1. Checking the a/c ratio against 1.5 first, then a/b against b/c, what shape does the Cα gyration tensor give for segment 83-150?
2. Of all chymotrypsin sites (Phe, Trp or Tyr not before Pro) in segment 260-326, which ones are in loop regions per DSSP and have a Cβ with at most 11 other Cβ atoms within 10 Å?
3. Tell me, what is the FRET efficiency for Thr149 and Lys318 to the nearest 0.05, using R0 = 35 angstrom and their Cβ-Cβ distance as r?
4. Measuring from label point to label point, each 7 Å out along Cα→Cβ, what is the Ile237 to Gln77 span in nm?
5. Pull out the extension gain between Ile210 and Ser26, defined as 0.36 nm times the separation in residues minus the alpha carbon to alpha carbon distance; nm, one decimal.
6. Over 21 Å between Cα atoms: which of Lys118/Lys213; Lys118/Lys273; Lys29/Lys213; Lys72/Lys213 fall into that group?
7. Taking the Cβ of Asn272 as the center, what net charge do the other residues with Cβ under 14 Å away carry, scoring Lys and Arg +1 and Asp and Glu -1?
8. Give me the Kirkwood hydrodynamic radius of segment 152-316 in Å, from all C-alpha pairs, to one decimal place?
Amino acid sequence: MDAATAVELKNKTILTSTPHVHSKLSAQKAMWLVVISLLPPLVMGVIYFGLYQLVVVLAALAGAVMTESAIKYIRKQKITILDGSAIITGLLLGLIVPPGLNPVFAFIGSVVAIGFGKEVFGGLGYNIFNPALVGRAFLQAAYPVAMTTWSAPAMAVDTVTKATPLSLFKFEAIASKGGVDAMSLFLGNVGGSIGETSSIAILVGMVFLIAMKVLNWRVPLAMIVGLLLFSGIFWLIDPTKFASPIHHLFMGGFMFGAVYMASDWVTSPVTNKGIWIYGMAISLIVVMIRLFGGLPEGVMYAILIMNGFVPLINRYTKPVIFGAEK
């Protein structure tokens, strides 16, 4: 190689530190795209349970925004409300609480979600657990009666919708006897949390997020495959005792959790192999709690448990550096 060629290569070759992958999708833009995707579940929640649910959701939003602003002000940090992260936390929490919940409880839940689920770890990108689920777990422990009091949808015409399908399945075995209409589960005309009942609305949001390249489709797919597999095993053993995989898929908060909670960028694995381990493990825990636990639902606890294992999953599923021994 002559001197002239060497100079030319030097001018064309720029060595920089990682990461080398660039994207036009900023964190702020991604946050607001998630907010947009949550509109269908919110709209369906208002249609089924009434306009009052907007008050509940707005209270949760106010709690999240005010708490983050106050903490940033106390720490003398830049207030970053416009990045959308606090708004997402408040909106998510507002959609995973029972219809008609006291707005004060929703506000308190968001205070805990932001204060103890996010900012105590250092803010956006540092939290170990999903903040909205931290807030809901607190509400579940602090106000158990309010958090297990369900309203029938305005369009309800049968007794099945007076309680959540999961409660009826767990304590009365109605799902295994065909008492819960799969189409009602899919559309959302059943008892449940404000934004969790309508699977079709959640799927619309999921497709939008995947198209916008915000959502890693492997997370919900791993959870869906895991749920169908593990619940299907028990259903095949005794279909008169255990609910079908389709019922498990559309009952409770599974679809909402798979799309919006487990897929959180910060609290989910970064490797593809890790994502499959993470998603399948969540579904296994969900099925075990639903079938053999003392609670009718287990999505919240399953995701929080696996959030704690994410650093370990990332460590042991880290790709081997090219040329290095494993």
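Each value in this text was obtained by applying a stated rule to the coordinates, not by laboratory testing. Fair warning: this is a prediction, and the values are worked out from it, not measured in the lab. Virtual Cβ from ideal backbone geometry, glycine too; neighbours counted across all protein chains shown.
1. prolate
2. Qualifying residues, ordered by number: Phe322.
3. Computed FRET efficiency for Thr149 and Lys318 comes out at 0.20.
4. Each label point lies 7 Å from its Cα, and together they span 4.7 nm.
5. On the way: separation 184, 0.36 × 184 = 66.24 nm, distance 1.54 nm.
Length difference between fully extended and current span is 64.7 nm.
6. Long pairs (Cα-Cα over 21 Å): Lys118/Lys213; Lys118/Lys273; Lys72/Lys213.
7. On the way: positive: Arg218, Lys273, Lys318; negative: none.
It works out to a net charge of +3.
8. 16.0
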